[in-house]
Structures are given as structure tokens and as C-alpha cells.
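Written out below as C-alpha cells is the structure these notes cover.
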Amino acid sequence: MESIRSLLGKKVELKISGCKIPFIGELVDLGSDIIVIFSESRYVYAPVHHLQHMKLSTDSEDSSPADREPLVDHTHISYRKMLMNSRGIFTEIDLGGPNLLHGYVTSIMNDYFIFFSPLYHSVYIPLHHVKYICPLPPNMTPSYLNQHLFQLQQPALPLSRTLDQQLEKFQNELVIFDLGESPLKAGMLKKVDNRIIELVEAGGNTILLHCDHIKSIHLP
């Protein structure tokens, strides 16, 4: 990690797996499992294991405003601690699919966390699938969230410590995986056996999926 640490305070180009466009900004902090850059007036937190490449940027434009106070505490920063500190802050999350998630981190379990989205409601997200997470400053928060129509809701089912255990609670429920990006990832969850998911889709066909490749789960 010393090779990354040597770039602290410098403008870098950061390419994250699953993201088509690299981030360009100042490398402002580094933890054992997380990289923090300040890019386009916001802090971007990327798990180290999704780092594809990072190099000094040749972009000379400086778009950083004077006010750069982070929204979360950076003391002894780590991925899990950053998630804990971001609770209650409107946040953007990228899971590497076509759609970004916007909402709030509500609960953090052993290997997954729950994210409340106004569009999808409670979304169960494996920790290792998050490409980056970005708490948004108040001036970037959508105006409709100031209305009483938006209400933070807790999951209907009790939470399990691990995602495997939580998936077992969803047996015989209609579920949507990966925000519905594929028609083969929505249907009735029939069974979970040794991390293999048996899903019956709308046409009645049975689809087998491996838990490791599920990026998110929510109930319709």
C-alpha cells in the first residue's frame, strides 16, 4: 500500500472495475481496504479490491471548491467504518450495473448491508460488490426528499447476520436480483442450497444462480 500512499495529496486518475469512466481527482485518504478521492466536489470511497489502475493525472484543471469538509469521519478510515458513518446521509452507490442506487444505508451486517432507496425500498447488498460509495452534500440531494412523501422504512423481515441466512428467509417469496437488469434474475426464490439459488421466473422456467454473483436483492 506504500506505493498508493505515495500519491496522497496528488491528482490521480482512478479506474474502478465495473465503472466505464475513470475518476479524476485528488487522492485524499487511504485505509487498509478503501481509497478516497475528492472528485467533482464530492468524496468518492472505493474498496481497494476494485482498483484496476491508478496513476498521476495529466488533467491540469482544478475544479475543487474551497469547502472540502468530508461528510463522514475519516479517523482510522476503513470500508466498514465508512459505511457506519454514512448512515443518515443521502448516498450514491455503484454496483457495476447500468443503474446507480440513491438512498440511505440503514443497517450493516457481517457480509452485507441494507440500503433504503425511494425507488426500490429495502435493498440487500453484499459488501464485496460495491464499486464505490459516495455520500452526497446537501446541495446535491434531490429536492423531493425534503417532502413528507419520503419516509425511511425498515425491512419487513428480521435481519440475519449473513446474506446466505437472509436469502433462506426469502424462500417462496418473489425477489428481484441486481435491480432487475436481467429478466432471468426476477421470480420466486424456491430454494437456496450450498449457495446455489433456485429461481422460478415468470414463464415457469427454473434458473440456477450462484450467490457470489448476486449484486443486490430486493422484494417487489
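Only Cα pairs within less than 10 Å get springs; with that Gaussian network setup on the chain, which residue of GLY203, GLY18, GLY180 has the largest fluctuation?
So, out of GLY203, GLY18, GLY180, the one fluctuating most is GLY203.
Compute the relative contact order of the chain as a whole-number percentage, counting only Cα pairs closer than 8 Å that sit 6 or more residues apart in sequence.
Working: 422 pairs, mean separation 31.2, N = 220.
Relative contact order for the chain comes out at 14 percent.
For LYS10, list the aspartates and glutamates whose Cα falls under 17 Å from its own Cα; do not include residues on the same chain fewer than 8 positions away.
The reachable aspartates and glutamates, counting only those whose Cα sits under 17 Å from LYS10, are GLU2, GLU26, ASP29, GLU40, ASP59, GLU61, ASP62.
Could you compute how much accessible surface CYS211 exposes when probed at 1.4 Å, giving the result in Å² to the nearest 10?
CYS211 exposes around 10 Å² with every protein chain in place.
Hey, what number do you get for the chain at 222 nm if only DSSP H runs of n ≥ 4 count, each worth -39500 (n - 2.57), divided across all residues, to the nearest 500? Display every interim value, and only then the final one.
On the way: 3 runs with 18 residues, N = 220.
-2000 deg cm²/dmol, from helical runs alone.
Among the listed pairs LYS81/LYS190; LYS15/LYS169; LYS131/LYS191; LYS169/LYS215, which have their C-alpha atoms separated by more than 26 angstrom in this model?
Numbers: LYS81/LYS190 35 Å; LYS15/LYS169 37 Å; LYS131/LYS191 28 Å; LYS169/LYS215 18 Å.
Beyond 26 Å between Cα atoms: LYS81/LYS190; LYS15/LYS169; LYS131/LYS191.
Excluding residues on the same chain fewer than 8 positions from LYS185, give the aspartates and glutamates whose Cα lies under 15 Å from its Cα.
GLU173, GLU198, GLU201, ASP212
At LYS15 and SER41, where each label point lies 7 Å from the Cα along Cα→Cβ, what is the point-to-point distance in nanometres?
2.9
Rg/Rh for the chain: what does it come to with C-alpha atoms and Rh from Kirkwood?
Numbers: Rg = 18.5 Å, Rh = 18.6 Å.
Dividing the radius of gyration by the Kirkwood radius yields 1.00.
The values are calculated or read from the model by the stated rules, or taken from the named source; none is laboratory data. Owing to the predicted nature of the structure, the values given are computational and were not obtained by experimental measurement. For neighbour counting, all protein chains shown are included, and Cβ atoms are generated from backbone atoms with ideal geometry for every residue, glycine included. Accessible surface is based on the protein model in full, side chains and every heavy atom, while ligands, DNA and RNA are left aside. Shrake-Rupley method; radii C 1.70, N 1.55, O 1.52, S 1.80 Å.
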